[in-house]
Structures are given as C-alpha cells and as structure tokens.
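Some notes on the structure that comes next.
Each value in this text was obtained by applying a stated rule to the coordinates, not by laboratory testing. Bear in mind the structure is a predicted one, so any value in this text is a computation, not a measurement. Cβ: placed from backbone, ideal geometry, glycine included. Neighbour counts: every protein chain shown.
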Amino acid sequence: MGVHVPEEYGGSGSSFFNAMIVIEELAKTDPSVSAMVGIHNTLPVSMIIDYGTEEQKLKYLPRLCSDSLASFCISESGAGSDAFALKTIAKRDGDHFLISGTKMWITNSGEAQVFVVFANADPSQKYKGITCFIVERSADGLTVDKEEDKLGIRASSTCQVHFDNVRVHKSAILGEYGKGYKYAIECLNAGRIAIGAQMIGLAQGCFDQTIPYLQQREQFGQRLIDFQVIFEIGFEFLIHKCSGFTTSDCTS
C-alpha cells in the first residue's frame, strides 16, 4: 500500500517501478491480493498524487497508505471499452454537485472507503464535460451491491456502485473541471502496466509450482522433465516470461 506515495503523505516514497515489482511478487502467490493492491495504487491513489490539491493529498493519502482502500469508478453497463460514453451525471447545485448514475465492475468496491468517480458535469460538451470527483463511502445516496460471483480472483471484490443524487462540494473535484477524460487516459495506461506485471507474476507462480512436479513425476521410466517436448515447453515459457518482464520494466 502506498509504495510510490511520497513519504510526507504516509507512503514509502519509492518508485512506480518498485510498485510494479510488489504487484508481480504478490501475484506469484495470490493474484486477488495483487489485483487489489494494483488497482488501488495505480489508479485512485496515483490520481490523487498527480492531480489532487495539497488539501486532498493530506486528507486522503495517509489513509490510503494504511487501512483504507480506494476504488476507481469509470466503467458502466454501456461504457466499458468506450469509457467516455458514460451516462453518470454531476448536476451543479450552487457550490455543490449532485452525482447520479451506476458504475459496474468496480474493483475493491466491496471494501473501499474512498471512490474516485467520473461523471459528466456538462453533457452538452460530450466527453469534455467529464469531471473527476472524490466521494466518501459514507456519502448519502451512495450504495454498493453485493459482490459479483466471479470465475476467478474471487477474493478481490467486484460490485456495482450506485449514486443517487450524491451531494459533494466543488472542493471534491479532483484536478480541473472537465479534464476527467484526460486524467482517465493517463491513469488507465499506468493501470495496464500493473496488469502486465500481475500476469507475469501469476505465470511465474504457476511455473514455480510446476517444475518440482515435473522433476518428481515419472512416466515410461523417466521424469517428465526429461522428455524433450516438456523441456522445450518450459524453456519457451522462460523466453516469453523474460520478454514480458523486459517490456514491463521498460514501460514502468
């Protein structure tokens, strides 16, 4: 938690690259924990580091480096691959905004105490009206559905999050008004690097569990690992793994 968050805000003060190493190592043993930490650090936490005011950083980052999780709320039922087609709106009401809409497939939402939410504050401007807000779980009108019954990575919660006229002050805007689309593109690119690191770790974990079995299991009078085709499969995996690690290293 908070690997790349500056020390003055409660983090370790390390690099984004080291944060990717943590995600990779966690994935070797438990990809659910890796997903939880990866999404938390590379999306909502990184957004607050990059675009938050000093007041927002002091308010949220120490919590998010210790005992609180955050969620990144952008995807909707009709806005998955095309995230900028989102229908969630933020209607201005004096010095406040009223957020209404439903977000889907939101990682960490079962436990998150802080939500980074994308909503369109001016639909007439299309995607240029998209603005980012920081919303507390305790806000009136915010509800989280039960966790989805997923095929895998089940310990990482994924839920729908509903906003029913959730009232937030204009000081809850993260970054600049109308720049949410720009922030989303930049942060999602970092998040994809984290997914790559997670997959490398998961593959390495599987490999580490497989090799001892191949060394011990015998068929037709010899160990499985001594069969040329099995050895070649393992060697090919190592080539792809090293290639993936190099790519992740360079991009982070």
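Pairs of Cα atoms under 8 Å, at least six residues apart: use those to get the relative contact order of the chain, whole percent.
It rounds to 21 percent for the chain.
If you look at the Cα atoms of the chain, you get an Rg and a Dmax of 21.0, 80 Å. By the rule of a C-alpha distance below 16 Å, with chain neighbours fewer than 8 residues away ignored, the aspartates and glutamates paired with LYS128 are ASP82, GLU176, GLU186.
With both labels modelled 7 Å from their Cα along Cα-to-Cβ, the GLU8 to PHE231 distance reads 5.8 nm.
Centre-to-centre separation between the Cα atoms of the range 170-192 and those of the range 139-154: 23 Å. Across the range 107-212, Cα pairs under 8 Å and at least six residues apart give a relative contact order of 28 percent.
Of the residues LEU188, LEU64, LEU26, the one that moves most in a GNM of the chain with alpha-carbon contacts below 10 Å is LEU188. Under the convention that each Lys and Arg Cβ holds +1 and each Asp and Glu Cβ holds -1, the size of the dipole of the range 69-135 around its Cα centre is about 180 debye.
Taking 26 Å as the cut-off for C-alpha to C-alpha distance, list the pairs among LYS146/LYS182; LYS57/LYS179; LYS59/LYS126; LYS87/LYS146; LYS28/LYS150 that go past it.
Too far apart for the 26 Å limit: LYS146/LYS182; LYS59/LYS126.
Across the range 29-51, the residues whose backbone nitrogen lies under 19 Å from the label position 7 Å along the beta-carbon direction of THR210 are 29-31.
Across the range 212-220, computed HN-Hα scalar couplings (Karplus, 6.51 cos²θ - 1.76 cosθ + 1.60, θ = phi - 60°) run x, 5, 5, 6, 9, 6, 10, 9, 6 Hz from first to last residue, x flagging Gly and Pro.
Lys/Arg Cβ at +1, Asp/Glu Cβ at -1, dipole of the range 7-184 taken about the Cα centre: which of ALA70, PHE16, TYR51 is farthest positive-ward? It is TYR51, whose Cα lies furthest towards the positive end.
Ranked by how many other Cβ atoms sit within 10 Å of their own Cβ, fewest first, the residues SER32, SER46, SER15 fall in the order SER15, SER32, SER46. Once both labels are positioned 7 Å from their Cα atoms along Cα-to-Cβ, the gap between LYS170 and GLU54 label points is 2.1 nm.
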